[in-house]
Each structure stands twice: as C-alpha cells, then as structure tokens.
Amino acid sequence: MSTTQAAPAAVKILIAGGFGVGKTTLVGSVSEVAPLRTEEYLTRASVGIDDLDGVDEKDTTTVALDFGRITIGTELVVYLFGTPGQERFWFMWNDLVNGALGGIVIADTRRLDSSFASIDFFESRAIPFVVAINCFHGRNTRSPQEIRAALDLDPQVPMLLGDVREREFGRDLLLALVDHLMNLPAPQPVLA
C-alpha cells in the first residue's frame, strides 16, 4: 500500500507597488523561509531613471522579483511574488501575474502616485486586490478617506494602514485579501 501524500495546493499572490514602497520588506516579514531577493545596489547609472524623491536613504532595488512562502497546512501553500517597482521592469509583471489568485498593492502616503500603475494593472486584468498603506515609522499624513479618494479606489477594495515590517500587519493583509476573494460574486458560466 502506497503512503505517498498528495502535493499541497498552491496559491500565488502578487505584491506590487511603486519603487521603494516596501514590497521586499513585506515579503520578508511574512515568509516562513528566507525570501529569495533579487536586489542590487543603486548606481550612478540609475540617476535620472530611478526617482529617489521620498526614499533618499534607499540604496538597493529589486531587479527581478522577491519570492516567499507560507505553509498554511499539509494541503495549502501560499507563494508570494514581489514585483519590481521601476517602470523599466514592468514588462515582467505580465509573466509574474500568471496564475495569481489576487494581489496586494502597497502605497506610501508620501508618494501615492507611485502606486497608480499597480492599481491600474490589477483593475485592467480584473484581478482582486487589497491596498496596504505603508505607514513608515508610524507616520501617515492623510486620512483613510483622503487616501482612498487620491487612489480612486472602488469602495469594495479593502484598504489597511500599517507598517509592512510588522508580521502581524502582513498577516492582516493576507487575511483581508482572502476575505475579499470570498466575498466576490461567483463567476457566471459562459453560455454557448
């Protein structure tokens, strides 16, 4: 009699947002394994290409993806894929999104416009997502209503405020995404 166990079901979640908003940090804060990171140091070659306004202390950048894993049980594993934030790497998003159940868009209130492309990306592909407002060091200069209006978010898109360095906030984001997915209307069958 064979005692082989079936492989656990895999769920893919994409973590997106602008340059320097905390995508790598979020993946690292919730992953049960040391995350795969493809960070490289910023060089003079990126001057004029990478906008460091608001992230002056940033000295590395993701050039491909971040990857983390969360095992929910013997039957389910969640894989996290963090996207690169710079426009010159956006072409990879189309490949990274294949098979994704949903996404998390991280926004920084100091630079909300850097998250517009990520929100547009998910909306244009009808991929459910939640928004994480990364309050660096507990700082936030806008009310949730102002942020929602500035991002032009649909009322049903969940938005949470917190610090992506904190594992509990990452957990809350993932749970909010699951709740959001479960509350979406069931897809209607296509009639021939």
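A few remarks follow.
- Matching option when the condition is in contact (Cβ under 8 Å) with a residue 12 or more places away in the chain, closer than 30 Å to Ala9 by Cβ and not small (Gly, Ala, Ser), among Leu101, Leu151, Leu112: Leu101
- Pairs linking a residue in the stretch 18-33 that is more than 16 Å from Gly103 (Cβ to Cβ) to a residue that is in a helix (DSSP H, G or I), with Cβ atoms under 6 Å and 6 or more positions apart or on different chains, are Ser29/Arg167; Ser29/Gly170.
- The set of residues in the stretch 62-82 being at pLDDT 85 or above and not in a strand (DSSP E or B) consists of Glu75 alone.
- Considered as a group, the residues in the stretch 1-58 that are at pLDDT 55 or above and among the basic types (Lys, Arg) include one that is farthest from Val178 (Cα to Cα), and that residue is Arg44.
- Condition met for Ala192 (open to solvent by less than 100 Å² (accessible area, probe 1.4 Å), modelled with pLDDT under 90 and not in a helix (DSSP H, G or I)): no
- In the stretch 106-149, residue surrounded by the most Cβ atoms within 10 Å (Cβ to Cβ) [restricted to those that are assigned to a loop (DSSP other than H, G, I, E, B) and basic (Lys, Arg)]: Arg142
- Checklist (1) open to solvent by 60 Å² or more (accessible area, probe 1.4 Å); (2) at pLDDT 70 or above applied to Arg88, failing item: (2)
- Candidate set from the stretch 169-188 (those that are open to solvent by 100 Å² or more (accessible area, probe 1.4 Å) and not aliphatic (A, V, I, L, M)); member that is modelled with the lowest pLDDT: Gln188
The values are calculated or read from the model by the stated rules, or taken from the named source; none is laboratory data. What you see is a predicted model; the values in this text were computed from it and never measured. Reconstructed Cβ throughout: ideal geometry from the backbone, glycine too, with neighbour counts over all protein chains shown. Heavy atoms of the whole protein, side chains included, go into the accessibility calculation; ligands, DNA and RNA do not. Shrake-Rupley method; radii C 1.70, N 1.55, O 1.52, S 1.80 Å.
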